[in-house]
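A.B. asks: Questions regarding the structure given below will be posed in turn.
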Amino acid sequence: MDKKSYEFIASQTWETILEWKKCKWCSENFPIYSGDKEMLDKLSPVILWEKFQLPSPILCPYCRQRKRSLFRNERNIYKRKCDLCNKTTISMYPEDLAEKVYCNKCWQWDLWDPTSFGLDTEDNQKIFEQFGKLFKTVPKVALLQYNNENSDYTNDSTNNKNCYLLFGADYNENCAYSSLGDSKNSIDCLEANQCENCYEDLDCKRSYGLFFSSSCQNCNNSKFLFDCRNCSDCFMCFNLSDKSYCIKNIEYTKEEYFKEIKKYDLSLYENMISLKKEFDEFCKPKISKNLEIMNCENSIGNFVSNSKDCIFCFNTSDGNNCRYVFYGSQKFQDCMDTAMTSINAANCFDCQTCLYNCSSLISCSFCNNCNSLYYCDSCMNCENCFLCIGLKNKKYYILNKPYSESEYFKTISKLIKNLMIEDNWWRFFPSDLTCFPYNDSDTLWFYPIKNKIIFDKKELISKEVINESWKWDLYLSLGNSYVKEGYLDLWWQEKIKVKWRTKEKEINVPEWLELIKSENVPHIKNVKNDILNKAIICEISQRPFRIVKLELDFYKKHNLPIPRKHPDIRFFERLHKKPERKLCLINCSKCDKEILSNYSSDSDPQVYCQECYNKEFY
């Protein structure tokens, strides 16, 4: 973000810019707002009547999120052995990683004792070095799952039934290859909520029978829509409200519509691809709203709803007095620099994936129903813990060892002062602690690298261009290991230690499984159930993938062609259609006033401010 955009945010929120800083990772200038200082002061813990002030950040908002994302792998799952029961399980950690991993059943039950890994604090060793020892020895849980039924192949998922390859998904039934919530019988959807019988939708809500659409609400029995509301039986339309029986934004009678719609045969894969291209071309004159903000007061960001005083937030709902939150929902308040924070979370700082009544957490990850935790990971129902991992129902623990109440507060007061001396107080876990290779972590979605460079000491061995449009370089040490050690060079003060998975995800194709080329997949009317015993070779990546019965039934019911692309390829195609989670200052295409938007004037020629958009379409 440029300086003008940050200054515009200050003018809109009536805040003062207290100072400008240069990010230690990306070198971009970013401000410290008066509201940031107030929030940091509010979140600073008081221990033994002494307040430990949280300092202002040294990384820009995006790099702070990037650092947290290094510790999260939502979509890459592997088969491996549970290190406790020795049974094959599904895990977000590949077998080649040295860390111990327990299947969810073993990890959640009382079959092991995380306190047996406890360590004494050592005055002559840095705090994060001690925490690193614990981090590498305490077993990891295979997947982030809770209360699912027949939904083994899902991650970061709760309360799902009969679902397959869902990621970041809750309360769904009979869904696959999606990130969605409260939905049924839907396939290949991203950021969809309360949808049923939907296919290939992006950022859609409360819809039924909606296919190939994005940014739509309350739409039924329609295909190829963009930014439509309360529409039914529409085909290839954009910017419509309260319409029925429209084709290419032209309204028909009911009889004419169904007669005309028969001309579009979506059962043929070639026709479907052609119609997608035609729709993209047809939508070029569309009008985009600068930001998706609904029912909010004094809030800035994108895809923010039912929130108050939420500044620089993205994909959030039901928030109050929060800043720099990426993905938050279901009543969260007084949080700063968090990701995946929801369900009655409060007073959390620099955390990721902390859910279900978490309160007063600092720099924690994967914690549920916890209170007053600092630098903890994978803890449940805990209170007053410091530098702990994998604990359940514990209180007054440090490095997984128990303390009396008085000794606990005396010790963490001393440890925090040491962290201040080490300049690590408030900072999230060091990047070299993560178990996940960079190309398995969520970071790669939004922060791809440009070049992959292999070196031996100082000698360059090889250089491979990964993404022309990006600018960061990855340096990896020479070796044949499955995961190489290296660093990400952002051409500024810090070099980020990372890992990199050197192979493609292993594909174990059983000998009995027949491989078929994508061009040889038959028409959906001719597809038989024996395709469930075959693997299709992706037309893009050449990786084989299978069809499961759940999706085959869906394609047959809706007369849709069998996919020719691997699910990962389909996901990234949807992801790249989403606007960046960045804000820039542009002029409204209608009234010419300055507005914040996630679209640049180059990427989308017609962007309206909220007022002009509402006048035009409501």
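The values are calculated or read from the model by the stated rules, or taken from the named source; none is laboratory data. Treat the numbers as computed from the prediction; the structure is a model and nothing was measured. FYI the Cβ positions are ideal-geometry reconstructions off the backbone, even for glycines, and counts take in every protein chain you see. We work out accessible area using only protein heavy atoms, side chains counted, and drop any ligands, DNA or RNA first. Shrake-Rupley method; radii C 1.70, N 1.55, O 1.52, S 1.80 Å.
A.B. asks: With charges set only on the Cβ (+1 for Lys and Arg, -1 for Asp and Glu), what does the dipole of region 136-196 come to about its Cα centre, in debye to the nearest 20? Please report the intermediate quantities before stating the final value.
C.D. replies: Numbers: 4 positive and 9 negative charges, 70 e Å.
Charge dipole of region 136-196: 340 debye, to the nearest 20.
A.B. asks: Okay, moving on. To the nearest 20 Debye, how big is the dipole of the chain about its Cα centre, given +1 on the beta carbon of each Lys and Arg and -1 on that of each Asp and Glu? Please list the in-between numbers first.
C.D. replies: Numbers: 85 positive and 86 negative charges, 162 e Å.
The calculation lands at about 780 debye.
A.B. asks: Sticking with this structure for a sec: So what are the radius of gyration and Dmax for the Cα set of region 35-97, in Å?
C.D. replies: 19.7, 51
A.B. asks: Would you mind checking region 534-562 for residues with the amide N under 18 Å from a putative spin-label position 7 Å along Cα→C-beta of Tyr153?
C.D. replies: Zone members listed by number: 534-539, 541-556, 562.
A.B. asks: Put a dot 7 Å past each Cα toward the Cβ at Asp489 and Leu18; how far apart are the dots in nm?
C.D. replies: Output for this residue pair reads 3.6 nm.
A.B. asks: Could you name the lysines in cross-link range of Lys284, using Cα to Cα under 24 Å and dropping any fewer than eight places away on the same chain?
C.D. replies: By straight Cα distance, Lys284 reaches Lys205, Lys223, Lys243, Lys248, Lys263, Lys276, Lys577, Lys578, Lys582, Lys590, Lys593, Lys615.
A.B. asks: Multiply the residue gap between Tyr264 and Asn124 by 0.36 nm, knock off their C-alpha separation, and tell me the result in nm, one decimal place. Let's see the in-between values first.
C.D. replies: Numbers: separation 140, 0.36 × 140 = 50.40 nm, distance 7.27 nm.
So the chain would gain 43.1 nm between Tyr264 and Asn124.
A.B. asks: Using a 7 Å offset from the Cα along the Cα-to-Cβ direction at both Lys136 and Gln606, what is the distance between the two label points in nm, to one decimal?
C.D. replies: Here the modelled spin labels are 5.8 nm apart.
A.B. asks: Using a 1.4 Å probe and ignoring any ligands, DNA or RNA, find the accessible area of Ser462 and quote it in Å² to the nearest 10.
C.D. replies: Number for this one is 50 Å².
A.B. asks: Diagonalise the Cα gyration tensor of the chain and give the resulting equivalent ellipsoid semi-axes, square root of 5 times each eigenvalue, largest first, whole Å. Don't skip to the end; give the middle numbers.
C.D. replies: Working: eigenvalues 333, 194, 107 Å².
Here the semi-axes work out to 41, 31, 23 Å.
A.B. asks: Considering the options Leu583, Phe571, Leu560, tell which one lies farthest towards the positive end of the dipole of region 530-618, charges being +1 on Lys and Arg and -1 on Asp and Glu at the Cβ, about the Cα centre.
C.D. replies: So the residue we want is Leu560.
A.B. asks: If you don't mind, there's one more thing I want to ask. In degrees from 0 to 90, rounded to the nearest 10, what is the angle of the helix 269-282 Cα long axis to the longest principal axis of the chain?
C.D. replies: Taking Cα atoms only, the helix is inclined about 80 degrees.
A.B. asks: At 1.4 Å probe size, with the rest of the protein present, what percent of the exposed accessible area of region 356-443 is carbon and sulfur atoms? Working shown, then result.
C.D. replies: On the way: 1220 of 2690 Å².
Whole-percent figure for carbon plus sulfur exposure: 45.
A.B. asks: Further, regarding this structure: Enumerate the aspartates and glutamates that Lys484 could reach by cross-link, defined here as Cα to Cα under 17 Å, with residues fewer than 8 away along the same chain left out.
C.D. replies: Cross-link targets: Glu95, Asp96, Glu99, Asp432, Asp440, Asp456, Glu459, Glu464, Asp473, Glu504, Glu506.
A.B. asks: Name the long-range amide H neighbours of Ser151: under 5 Å, sequence gap of 5 or more, or other chain; modelled H, no Pro or chain starts.
C.D. replies: Asn162, Cys163
A.B. asks: Using the alpha carbons of region 205-356, what is the convex hull volume per residue in cubic angstrom, as a whole number? Don't skip to the end; give the middle numbers.
C.D. replies: Values: hull volume 19.1 nm³, N = 152.
Dividing the Cα hull volume of region 205-356 by its residue count gives 126 Å³.
A.B. asks: Name the residue farthest towards the positive end of the dipole of the chain from the options Cys219, Trp107, Asn290, assuming +1 on Cβ of Lys and Arg, -1 on Cβ of Asp and Glu, about the Cα centre.
C.D. replies: About the Cα centre, the residue reaching furthest to the positive side is Trp107.
A.B. asks: Please calculate how many Å² of accessible area the chain carries per residue, with a 1.4 Å probe and no DNA, RNA or ligand atoms counted. Mind showing how you got there, number by number?
C.D. replies: Numbers: 27390 Å² over 618 residues.
Per residue, the chain has an accessible area of 44 Å².
A.B. asks: I need the semi-axes of the equivalent ellipsoid of region 53-169: take the C-alpha gyration tensor, multiply each eigenvalue by 5, square-root it, list largest first in whole angstrom. Walk me through the intermediate numbers first.
C.D. replies: Numbers: eigenvalues 163, 95, 32 Å².
The equivalent ellipsoid of region 53-169 has semi-axes of 29, 22, 13 Å.
A.B. asks: Determine the calculated [θ] at 222 nm for the chain from helices alone, applying -39500 (n - 2.57) to every DSSP H run no shorter than 4 residues and normalising by the residue count; nearest 500 deg cm²/dmol. Spell out each step's value before the answer.
C.D. replies: On the way: 12 runs with 116 residues, N = 618.
It comes out at -5500 deg cm²/dmol, rounded to the nearest 500.
A.B. asks: If you keep only loop residues by DSSP, which trypsin sites (Lys or Arg not before Pro) in region 19-121 have at most 14 other Cβ atoms within 10 Å of their Cβ?
C.D. replies: Values: sites: Lys21, Lys22, Lys24, Lys37, Lys42, Lys51, Arg64, Arg66, Lys67, Arg68, Arg72, Arg75, Lys79, Arg80, Lys81, Lys87, Lys100, Lys105; in loops: Lys24, Arg72, Arg75, Lys87, Lys100.
Here the trypsin sites (Lys or Arg not before Pro) that fit, given the DSSP loop and packing criteria, are Lys87.
A.B. asks: In whole percent, what relative contact order does the chain give with Cα contacts below 8 Å and a gap of six or more residues? Intermediate values should be presented prior to the final figure.
C.D. replies: Numbers: 1445 pairs, mean separation 61.3, N = 618.
So the answer I get is 10 percent.
A.B. asks: Could I ask something else about it? List the lysines whose Cα lies under 27 Å from the Cα of Lys395, skipping any in the same chain that are fewer than 8 positions away.
C.D. replies: Excluding near neighbours in sequence, the set is Lys42, Lys51, Lys100, Lys105, Lys126, Lys133, Lys136, Lys140, Lys331, Lys410, Lys414, Lys417.
A.B. asks: For region 1-61, what class follows from the C-alpha gyration tensor (a ≥ b ≥ c being the square roots of its eigenvalues): rounded when a/c is under 1.5, otherwise prolate if a/b is larger than b/c, else oblate? Let's see the in-between values first.
C.D. replies: Numbers: a/c = 3.84, a/b = 1.64, b/c = 2.34.
In terms of gyration-tensor shape, oblate.
A.B. asks: While we're looking at this one, here's another question. Taking the chain as the reference, fit the longest principal axis to its C-alpha atoms, fit the long axis of helix 127-137 to the helix C-alpha atoms, and give the angle between the two in degrees, 0 to 90, nearest 10.
C.D. replies: With both axes taken from Cα atoms, the answer is about 60 degrees.
A.B. asks: Extension gain Lys414-Ile461, at 0.36 nm per residue separation less the Cα-Cα distance, in nm?
C.D. replies: Numbers: separation 47, 0.36 × 47 = 16.92 nm, distance 4.64 nm.
That works out to 12.3 nm of additional length.
A.B. asks: What does region 262-352 give for Rg and for Dmax, in Å, if only its C-alpha atoms count?
C.D. replies: For region 262-352, the Cα-based Rg and Dmax read 18.9, 56 Å.
A.B. asks: Would you mind getting me the FRET efficiency between Leu513 and Lys331? Use the beta-carbon distance for r and R0 = 45 Å, nearest 0.05. The partial results should precede the final answer.
C.D. replies: On the way: r = 47 Å, r/R0 = 1.04.
My answer for the efficiency is 0.45.
A.B. asks: Just to be sure I understand the model, the point goes 7 Å from the Cα along the line to the Cβ. What's the resulting Glu407 to Glu38 distance in nm?
C.D. replies: About 4.3 nm separates the two model spin labels.
A.B. asks: In whole percent, what relative contact order does region 33-103 give with Cα contacts below 8 Å and a gap of six or more residues? Provide the component values of the computation, followed by the final result.
C.D. replies: Numbers: 64 pairs, mean separation 13.3, N = 71.
Result for region 33-103 is 19 percent.
A.B. asks: Next question, about the same structure. Go from 0 up to the bin containing the longest alpha carbon distance in region 165-267, width 5 Å each, and give me the % of pairs per bin.
C.D. replies: 3, 15, 27, 21, 16, 11, 5, 2, 0
A.B. asks: Let me ask another. For Lys392, what residues show an amide H to amide H distance below 5 Å, using hydrogens built from the backbone and excluding near sequence neighbours?
C.D. replies: Close amide H contacts, sequence-distant or interchain: Met380.
A.B. asks: By how many degrees, 0 to 90 and rounded to 10, does the Cα axis of helix 3-13 deviate from the longest principal axis of the chain?
C.D. replies: 90 degrees
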